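Bear in mind these aren't lab numbers, they're just calculated from the coordinates by the rules spelled out. Predicted model only: the values in this text are computed from it and were never measured.
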């Protein structure tokens with residue numbers, strides 16, 4: 001994108017982003033808490049010796065699931081075998097366990113080929129006296145991808161497994177797979193009544209339940225209702241016959257648990273049956289009702305929602321479906337709506353600053369941004385209570401708030417919570433206090449620290465990060481501590497933020513280069529000595545966040561300003577002729593990386609505008625060049641963002657960063673910070 005203003009470039013990015021993601025919503029699916037489903041480590045556990053206790057040694061079982069892919073790609077897949085396992089994708093053998101992983105039950109990583117659309121994953125497991133079955137799924141803790149059961153199970157989450165087989169199928173086709181008998185057993189749902197005792201087997205005499213269903217009329221019609229339950233139609237009590245308008249209607253049934261519930265909705269003139277269907281699930285699912293209970297007395301039936309748990313006689317609960325151990329479950333299949341993660345925290349920060357810049361020049365686009373921000377963040381806030389219930393009751397891994405429900409790192413919480421507080425300054429957000437306090441408690445009291453109070457990483461589900469310190473964590477902690485300090489009017493959190501910079505510098509600052517090493521590894525007591533671009537960007541940008549709020553007379557301000565100038569000098573000496581910075585800052589042959597270029601532009605602009613530099617002109621020019629470079633190299637005419645490094649691991653080799661840690665199109669690690677850079681460039685101009 002050439003020869004456009006910074007704000008025009010920002011508007012192009014925002015318009016594309018909103019067009020793709022502003023209409024996000026949650027997905028609901030049935031879930032049966034039996035058989036093979038994800039557990040707290042986010043992997044599927046298939047102990048076939050327990051699931052098939054009568055299977056003879058030497059027999060086999062097939063495990064079958066479906067993975068929906070948005071395009072042709074590979075899926076990184078972990079296998080921890082208990083015995084011999086072969087992996088098939090769409091009928092082709094793509095991997096198998098080895099004797100070492102079988103003996104030690106150690107992790108093997110495979111890249112599974114995926115076509116666009118539905119992909120059939122089949123694991124063939126052999127029963128040996130060493131073990132039978134496997135664990136499988138995500139290669140690293142808390143990645144929230146999941147498998148669906150095949151169509152014979154209505155595509156709910158999980159995998160089915162076959163009855164033990166003495167002989168193998170000659171070929172793996174859908175026809176041959178359908179010829180087998182499968183577990184878990186599928187509930188029979190076609191009866192005229194609903195047996196509530198199978199859903200609430202421990203209910204006491206006299207307790208009741210609420211059932212929700214719906215139906216659609218093509219035209220205005222007189223309808224007759226017959227049921228042994230008390231009925232509420234569109235929130236009003238109903239019995240006998242009513243004239244109803246065309247459209248969708250919701251019917252609530254209040255019923256005693258000890259009696260099977262019956263319901264008929266009829267065309268009053270013809271006596272034809274009007275079919276009822278689930279109020280939330282698509283019509284492809286056989287479940288007709290949502291069911292809540294048990295209740296000691298008739299609840300306020302209108303207060304029961306589809307996104308939050310509610311109180312019952314047995315404590316907090318969520319909607320059940322017909323059948324034993326069957327639940328309605330929430331999923332977030334839209335990658336950029338309603339999620340809570342650190343790249344989206346930065347993305348929304350960039351959007352809110354762009355909205356502020358556009359309020360007078362383009363109020364209609366500013367309003368769209370505001371609506372998206374409020375809808376996205378409010379969805380994240382409103383779904384937190386459900387997610388915590390889901391974690392406790394449905395196996396431990398969630399498909400909503402998978403980070404906050406498995407909170408064990410600054411990555412999980414700080415960036416997005418900081419943005420919630422930032423957006424909350426000039427937007428109406430409801431109920432953010434609880435989750436903000438969870439984040440505050442985690443960062444201040446639970447997150448591991450060295451003896452001097454500096455954050456480091458240990459005790460994580462992601463074992464590769466064990467006993468390390470990452471420069472990234474300055475951004476994952478400091479901006480939140482700053483904003484929480486202002487929110488709570490408590491300077492202790494600001495002091496914590498200040499001290500983090502000195503603690504991180506002790507281990508990561510490379511004085512001769514004026515740059516930060518990406519990671520310090522306490523296992524080997526070494527710093528990686530790689531000046532990764534975005535890692536240094538996190539440090540410089542976070543320091544600018546701190547200096548913006550730190551009082552002029554603070555006793556540590558002078559040392560922080562010296563550090564800011566040193567990092568800025570270390571950065572700017574590596575800016576190339578096109579204004580860009582590189583993936584490894586001092587490795588010119590590494591690719592031009594957009595997110596670190598944007599972070600440098602932000603920090604340079606703030607430093608110039610606020611008088612932090614003794615000689616501001618090189619940084620004024622550096623910001624202008626960086627913004628021009630981003631417009632030419634990183635943003636195309638359709639608003640796509642290029643050249644943003646994906647999320648990283650770490651290495652002591654710069655070739656990992658330059659050759660393996662490659663850029664992705666429209667990666668959220670870069671969208672928001674580029675918007676912030678363009679806003680800062682406009683302010684500087």
Check your understanding: In percent, how large is the relative contact order of the chain, given Cα pairs closer than 8 Å and 6 or more residues apart?
Key -> 13
Point to revise | Shape category assigned to region 178-239 from the gyration tensor of Cα positions, a/c cut at 1.5 | key: oblate
Point to revise | Cα shape, region 546-604, gyration tensor, a/c 1.5 rule | key: prolate
Point to revise | Degrees separating the helix 491-508 axis from the principal Cα axis of the chain, which is the longest one | key: 70
Exercise for review: When you have a sec, figure out the Kirkwood radius of region 298-457 from all distinct Cα pair distances and drop it here in Å to one decimal?
Suggested key: 17.5
Revision key, fill the gap. Placing one equal point scatterer on each C-alpha of region 552-685 and summing with Debye, one gets log10 I(q)/I(0) at q = 0.16, 0.19, 0.22 Å⁻¹ equal to -0.80, -1.06, -1.28
Point to revise | region 29-183 shape via C-alpha gyration tensor axes, a/c threshold 1.5 | key: rounded
Revision key, fill the gap. P(r) over all Cα-Cα pairs of region 439-488, 5 Å bins from 0 to the longest distance, whole percent per bin, short to long, reads 5, 18, 27, 28, 14, 6, 2, 0
Point to revise | region 385-404-region 109-137 distance, computed between alpha-carbon centres (Å) | key: 25
Exercise for review: Give me the angle, in degrees from 0 to 90, between the Cα long axis of helix 363-382 and the longest principal axis of the Cα atoms of the chain, rounded to the nearest 10.
Suggested key: 60
Review point. Over the Cα atoms of region 193-323, what is the Rg over Rh ratio if Rh follows Kirkwood?
Key: 0.96
Practice item. Give me the angle, in degrees from 0 to 90, between the Cα long axis of helix 617-633 and the longest principal axis of the Cα atoms of the chain, rounded to the nearest 10. Key: 40
Point to revise | MRE, 222 nm, helices only [DSSP H, n ≥ 4, -39500 (n - 2.57), over the chain, to nearest 500] | key: -10000 deg cm²/dmol
Practice item. Round to a whole angstrom and tell me the spacing of the C-alpha centers of region 200-230 and region 448-488. Key: 51
Practice item. Please express the Cα-Cα pair-distance distribution P(r) of the chain as a list of whole percents, one per 10 Å bin, running from 0 to the bin with the greatest distance. Key: 3, 14, 21, 22, 18, 13, 7, 2, 0
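From the gyration tensor of the Cα coordinates in region 44-100, what semi-axes in whole Å does the equivalent ellipsoid have, largest first, with each one equal to sqrt(5λ)?
24, 13, 11
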